[in-house]
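Report on the following structure.
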Amino acid sequence: QVQLVESGGGLVQAGGSLRLSCAASGRALGSYNMGWFRQAPGLEREFVAAIRWSGSNTNYVDSVKGRFTISRDNAKNTVYLQMNSLKPEDTAVYYCAAAPAGGVVPWRNAYHVWGQGTQVTVSS
């Protein structure tokens with residue numbers, strides 16, 4: 001069983017950048033597809049990005065395409081979300097999640113292990 005811990009969140013001005021990290025323990029991340037989701041106050045948890053276990057393909061929600069990049073370093077057992085050109089609408093708690101290896105999909109129920117989340121706040 002894998003455990004996930006997110007870090008790297010914080011307060012940033014609109015137009016700025018943050019890099020989130022998701023560190024795994026208990027099992028190598030190479031066994032899993034990985035995703036990032038976010039949840040703003042009063043809203044449902046939303047898919048942001050996903051990456052295949054091998055890093056061979058990725059998937060993004062339209063609102064972050066061209067601004068966010070998901071990547072992974074299986075040797076370091078870590079997944080990243082580089083967030084550039086941040087907007088106030090990106091403000092949310094960001095969660096990383098692990099799914100059994102397969103296709104990269106946006107569905108929440110495909111991801112069986114979740115981290116605690118890290119807060120990202122973008123000011124205007």
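Please check the chain for the longest run free of trypsin sites (Lys or Arg not before Pro) that are loop-located per DSSP (anything but H, G, I, E, B) and have at most 12 other Cβ atoms within 10 Å. Within the chain, the longest run free of exposed trypsin sites (Lys or Arg not before Pro) spans 1-64. Label sites at Gln119 and Gln1, each approximated as a point 7 angstrom past Cα along Cα to Cβ, lie 2.8 nm apart. Electrostatic tally near Ser71: other residues with Cβ closer than 13 Å to its Cβ, Lys and Arg +1, Asp and Glu -1, net +3. Computed 3J(HN,Hα) for segment 93-100, one whole-Hz value per residue from the Karplus formula 6.51 cos²θ - 1.76 cosθ + 1.60 where θ = phi - 60°, is 8, 9, 10, 9, 8, 10, 10, x, glycine and proline marked x.
Ranking Asn109, Leu18, Ala28 by how far each Cα lies toward the positive end of the dipole of the chain (charges on Cβ) leaves Ala28 at the top. Between amide H atoms placed 1.01 Å from N, distances below 5 Å from Arg27 occur with Gln3, all of them 5 or more places distant or on a separate chain. For segment 112-124, backbone phi angles converted through the Karplus equation (6.51, -1.76, 1.60; θ = phi - 60°) give residue-by-residue couplings of 9, 10, 10, x, 7, x, 9, 7, 10, 10, 10, 8, 9 Hz, Gly and Pro being listed as x. Think of a 1.4 Å ball rolled over the protein heavy atoms: the chain then has 49 Å² of accessible area per residue. In a simple Cβ point-charge model (Lys, Arg +1; Asp, Glu -1; nothing else charged), the chain has a dipole of about 240 debye relative to its Cα centre.
For the residues Leu43, Leu18, Leu29, a GNM of the chain with alpha-carbon springs under 10 Å puts the largest fluctuation on Leu43.
What a 1.4 Å probe finds exposed on the chain is 48% carbon and sulfur by accessible area, rounded to a whole percent.
In the chain, a dipole from Cβ-located charges (positive for Lys and Arg, negative for Asp and Glu) runs towards its positive end, and of Ser123, Met83, Thr58 it is Thr58 whose Cα lies farthest in that direction. Shown are Trp36, Trp107, Trp114, Trp53, whose ranking by accessible area with a 1.4 Å probe and every protein chain present, most to least, is Trp107, Trp53, Trp114, Trp36.
Leaving out ligands, DNA and RNA but keeping every protein chain, what accessible area does Asp62 have, in Å² rounded to the nearest 10, with a 1.4 Å probe? We get 120 Å² for Asp62.
In a fully extended conformation the segment linking Lys76 and Arg19 would gain 18.9 nm over its present Cα-Cα distance, using 0.36 nm per residue. Summing Lys and Arg as +1 and Asp and Glu as -1 over all other residues whose Cβ lies under 13 Å from the Cβ of Val122 gives a net charge of +1.
The HN-Hα couplings worked out from phi for segment 82-87 by the Karplus form 6.51 cos²θ - 1.76 cosθ + 1.60 (θ = phi - 60°) are 7, 10, 10, 6, 5, 10 Hz, whole numbers, x standing for Gly and Pro.
The values are calculated or read from the model by the stated rules, or taken from the named source; none is laboratory data. Quick caveat: nothing in here was measured; it's all calculated off a predicted structure. No Cβ is skipped: glycine too gets one built from the backbone with ideal geometry, and neighbour counts run over all protein chains shown. Surface accessibility is based on the protein's heavy atoms, side chains included, excluding ligands, DNA and RNA. Shrake-Rupley method; radii C 1.70, N 1.55, O 1.52, S 1.80 Å.
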